[in-house]
Each structure stands twice: as structure tokens, then as C-alpha cells.
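The values are calculated or read from the model by the stated rules, or taken from the named source; none is laboratory data. Not measured: the values here are computed from a predicted model. Cβ placement follows ideal geometry from the backbone for every residue including glycine, while neighbour counts extend to all protein chains displayed. When the accessible area is computed, the model is the full protein with side chains, heavy atoms only, and any ligands, DNA or RNA have been set aside. Shrake-Rupley method; radii C 1.70, N 1.55, O 1.52, S 1.80 Å.
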Amino acid sequence: SERSIVNIVEKLQNRFLKYILGINANSTNWVVRSELGRMPLTMIVYERIIKYFNLIYKSKSNIIQEAMQINKNINQNGNKSWYTGFKKILEYLEIDESKVKDLEPKCKDINKIMKNIYDITWQEEREKNKHQGKHQLYADIKTKNISK
């Protein structure tokens, strides 16, 4: 399934980052990504999908607009389409579809949204790690996210 592929890629990235730092493979992923200023790959993929759909919404092509409508209809009839996956991502990120339509693709709006979402999840992870003995000091020192 697509989720297992994403998990494999995330695990590979985490192992590679731990290798770069020369630390134990059991180290917490949050600490590793925080130290290197890296977002999870899934967040980067979600950002690109949102940018893609923004371009579809803004397209002047009748064929593209019709394809979008067909996929929406397929989804509304209870069947899966690429639009179904897009809606799941929006639900997960708690973003309204109308907000995606209104974004300017060339500006940094989409990047800001994703950065804000990641900052929130980063802070949640930081708070969770603050109460774990071996990461408490790091979470106390690391007060700001420096993701790129």
C-alpha cells in the first residue's frame, strides 16, 4: 500500500540522518530531525500535492477542469480516485479545500501553511519528549524549530 511505501522512505531517511550524525539507530527521530532542521518527507510530499492541486484549480483548460470534476464525482459516489487521496491529506492537515483554491501558487503561501503545520507538530513532539528522561534536557534546550 502507499502508506507502507511512505513508511519505508521515512525510515530510510531517519536511518540516513542518524548515520550522518553517527548516533545510535534507536535515537528518537524527532531529536535527529530537529538537530538537522529536517521535516519528515511526508510533509514535503503533502506540500507538493497541494501545489499540484492548486495548479489544477487555476487551470484554464476545459479538459483538466472536466477531469477534476469526474474525479470529484467518483469520490462522491463512494469510489476511490486521486481526488480521494487529496481529500484525505487535506483532512489530515486540517486545511479546507477552498483555501487551497485561493492560494497563489508562485508565492510562499503554501510553504507557510506547511511550515506552520510542521511547527505545531514539532512543538507537540517537543512537549512529549520533555517528559521523557533521556530527551528532557534536549527538549529544554531546543526551544525553536529550524526546519528548512
Share of carbon and sulfur in the accessible heavy-atom surface of segment 1-56 [1.4 Å probe, %]: 60 percent
In sequence order, calculated HN-Hα J values of segment 16-30 (Karplus, 6.51, -1.76, 1.60; Hz; x Gly/Pro): 5, 5, 5, 5, 4, 6, x, 10, 4, 5, 8, 4, 5, 4, 4
Segment 47-120, relative contact order in percent, only Cα pairs under 8 angstrom and at least six apart counted: 39 percent
Rounded FRET efficiency, nearest 0.05, which uses the C-beta distance separating Q123 from R48 and R0 of 25 Å: 0.55
Paramagnetic label zone (point 7 Å from Cα along Cα-to-C-beta, K99; backbone N under 18 Å) in segment 36-79: 43-55, 57
Rounded accessible area per residue of segment 1-110, 1.4 Å, Å²: 67 Å²
